[in-house]
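The values are calculated or read from the model by the stated rules, or taken from the named source; none is laboratory data. Note that the structure is a prediction, hence the values are computed from the model and not measured. Glycine gets a Cβ as well: all are built from the backbone with ideal geometry, and neighbour counts include every protein chain shown.
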Amino acid sequence: MNRLITGIQILLGIAFTLIGCMKLFAPLSTLATSMDWVYLFPEIVVRLIGAAELLGGLALLIPLVLKRMHRLSAFAALGLMLIMVLASLLHLSRPGEKGMVIVNVVIFVLAAIVMFKRFRDSTNKQVLNQ
C-alpha cells in the first residue's frame, strides 16, 4: 500500500511541477491555446497559480528524495486540494468546461489519499519517538 501512495505522490509531484513551470514561465498566448481561462485573470494571478503548483509539486517530491519531512508532503497535498477546489469552481462557472471538473475531482481525491497517509505516518512516528 505504501508503494501505491508513493507512486501517487510521485505522479502528482511531477505533474504539478511541470504544469506549474508551464503556467509560471510560458507566455500567456501559449497557455491560452490549451487554457483559455488565462485571459480572465491578470497575468500575475496566472503566474501565482503556477508558482503555487510548482511549489506544491516540489514539496511532494522533496520528502521522497530526502526520506524525511513527510509532513511537508501532507501540507503540500492539502494545498493542492485547495487549488483543485478553486479550479473546479472556475470550470463550473464557464460553459463548456464542466467536464474538466471530473479531472479536478480525481486529482483532489489522489491528493487527499496522499495527505491522509502522510499525516498518519508522521503522527505515528511522533508517538513512537516519545
Next on the checklist: Filter segment 69-116 down to the residues that are on the phi > 0 side of the Ramachandran plot and out of contact with any helix residue (DSSP H, G or I) (no Cβ under 8 Å at 6 or more places or on another chain) and list them by number.
Outcome noted: Gly96
Next on the checklist: Can you tell me which residue is farthest from the chain's Cα centre (by Cα) among those in segment 33-50 that are surrounded by 14 or more Cβ atoms within 10 Å (Cβ to Cβ) and of a type outside the set (Lys, Arg)?
Outcome noted: Phe41
Checklist entry - With respect to His70, is the statement that it is at pLDDT below 90 and either out of contact with any strand residue (DSSP E or B) (no Cβ under 7 Å at 6 or more places or on another chain) or surrounded by 13 or more Cβ atoms within 10 Å (Cβ to Cβ) (or both) true? => result yes
Checklist entry - Just wondering, is there one or more residues in segment 63-73 that are under 16 Å from the mean Cα position of the chain (by Cα) and of a type in the set (Gly, Ala, Ser)? => result yes
Checklist entry - List pairs: first in segment 26-39 and closer than 20 Å to Val101 by Cβ and modelled with pLDDT under 90, second among the small types (Gly, Ala, Ser) and not in a helix (DSSP H, G or I), Cβ under 6 Å, 6+ apart or cross-chain? => result none
